[in-house]
Amino acid sequence: MKLTAISIFPEYFAPLELSLIGKARSQGLVNFSSINLRDFTYDNHHTVDDTPYGGGAGMVMKPEPWGEAIDSQIQGQNVVDLVILTPAGTKFNQRFAQTFATSEHIIFACGRYEGIDARVAEHYRSIPSVRVHEISIGDFVLNGGEVAALVMIEAIVRLIPGVIGNPESLLEESHNEMGEVEYPTFTKPATWRGLSVPDVLLSGNHGEIARWRSEEAQRRSQSR
Ligand code: SAM
């Protein structure tokens, strides 16, 4: 899978060298690159923003550098998923992560200021080889799309076969096919600060353990 982030702060993506994603990159399961939007500007100040038409506070990201940056990434590609991060987008969830995990190339457009000129999404929607997704990672406003892209990348990449050592650990996770959250988990010691692990988990009775876990998952899913 190829992942490309376009941003005015490409340094934000340094953590993708760490942990399981870093390992997936060194194994060739994922190819990540970050691109500086300012490389697609031609003035001395490398300007990427301007005042909003219609007035109002803040600055809006200009469409021209975005167009050139995205064009440079879609040339010669079959189908590309273009994710435009915006708090006004469709909310990201595990089902989206599963769908994106089968993508060949995802481009993350990370906005700043008051966001990206709306014509960028409109223009790429008219290009058959580009699937445009305007995505929010939750009902709150960040300063920029970089952290949102990192969240999505982590959720997506861990679903690529070979990235997580034991693929069975993905099956019982929260937000699975059943739409439930996971049961509570415990490890040694059996008693910590006066709190004991539920007896059933120490019983060795696999049927009872499975039943307890299923009931706990349902209870948590309903109450949360
Ligand atoms: N004016 C915009 C609005 O009210 O919808 C907010 C712009 S925000 C300050 C700047 C950038 O941060 C956005 O263009 C987007 O890329 C990113 N961003 C902020 N919150 C986000 C969220 N919840 N999900 C995804 N991206 C977000």
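Readers should treat all values here as calculations from the given coordinates under stated rules, not as data from a laboratory. The structure displayed is predicted, hence computed values, not measured ones. With ideal geometry, Cβ positions are generated from the backbone for all residues, glycine too; neighbour counts draw on all protein chains shown.
Tabulated results
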{"quantity": "Candidates Thr51, Thr90, Thr99, Thr47, filtered to the one that is over 18 Å from Pro10 (Cα atoms), β-branched (Val, Ile, Thr) and over 19 Å from the mean Cα position of the chain (by Cα)", "calculated": "Thr51"}
{"quantity": "Filter result (charged (D, E, K, R), closer than 14 Å to Glu134 by Cα and within 9 Å of the ligand (Cβ to nearest atom)) within region 78-121", "calculated": "Lys91"}
{"quantity": "Filter result (in contact (Cβ under 8 Å) with a residue 60 or more places away in the chain and in a helix (DSSP H, G or I)) within region 24-59", "calculated": "Ala24"}
{"quantity": "Some residue of region 129-138 being within 14 Å of the ligand (Cβ to nearest atom), surrounded by fewer than 16 Cβ atoms within 10 Å (Cβ to Cβ) and not aliphatic (A, V, I, L, M)", "calculated": "yes"}
{"quantity": "Qualifying residue in region 54-68 (condition: among the acidic types (Asp, Glu) and within 16 Å of the ligand (Cβ to nearest atom))", "calculated": "no"}
{"quantity": "Pairs, first hydrophobic (A, V, I, L, M, F, W, C) in region 86-100, second part of a strand (DSSP E or B) and within 14 Å of the ligand (Cβ to nearest atom), C-beta under 6 Å, six or more apart", "calculated": "Phe92/Ile135"}
{"quantity": "Evaluation of Ala149 against (1) surrounded by 15 or more Cβ atoms within 10 Å (Cβ to Cβ); (2) within 22 Å of Leu29 (Cα to Cα); (3) away from the ligand (no atom under 14 Å from the Cβ) (one fails), failing number", "calculated": "(3)"}
{"quantity": "Residue list for region 194-214, filter: of a type in the set (A, V, I, L, M) and surrounded by 13 or more Cβ atoms within 10 Å (Cβ to Cβ)", "calculated": "Val197, Val200, Leu201, Ile209"}
{"quantity": "Val141 vs. criteria within 6 Å of the ligand (Cβ to nearest atom), surrounded by fewer than 19 Cβ atoms within 10 Å (Cβ to Cβ) and of a type in the set (Val, Ile, Thr)", "calculated": "yes"}
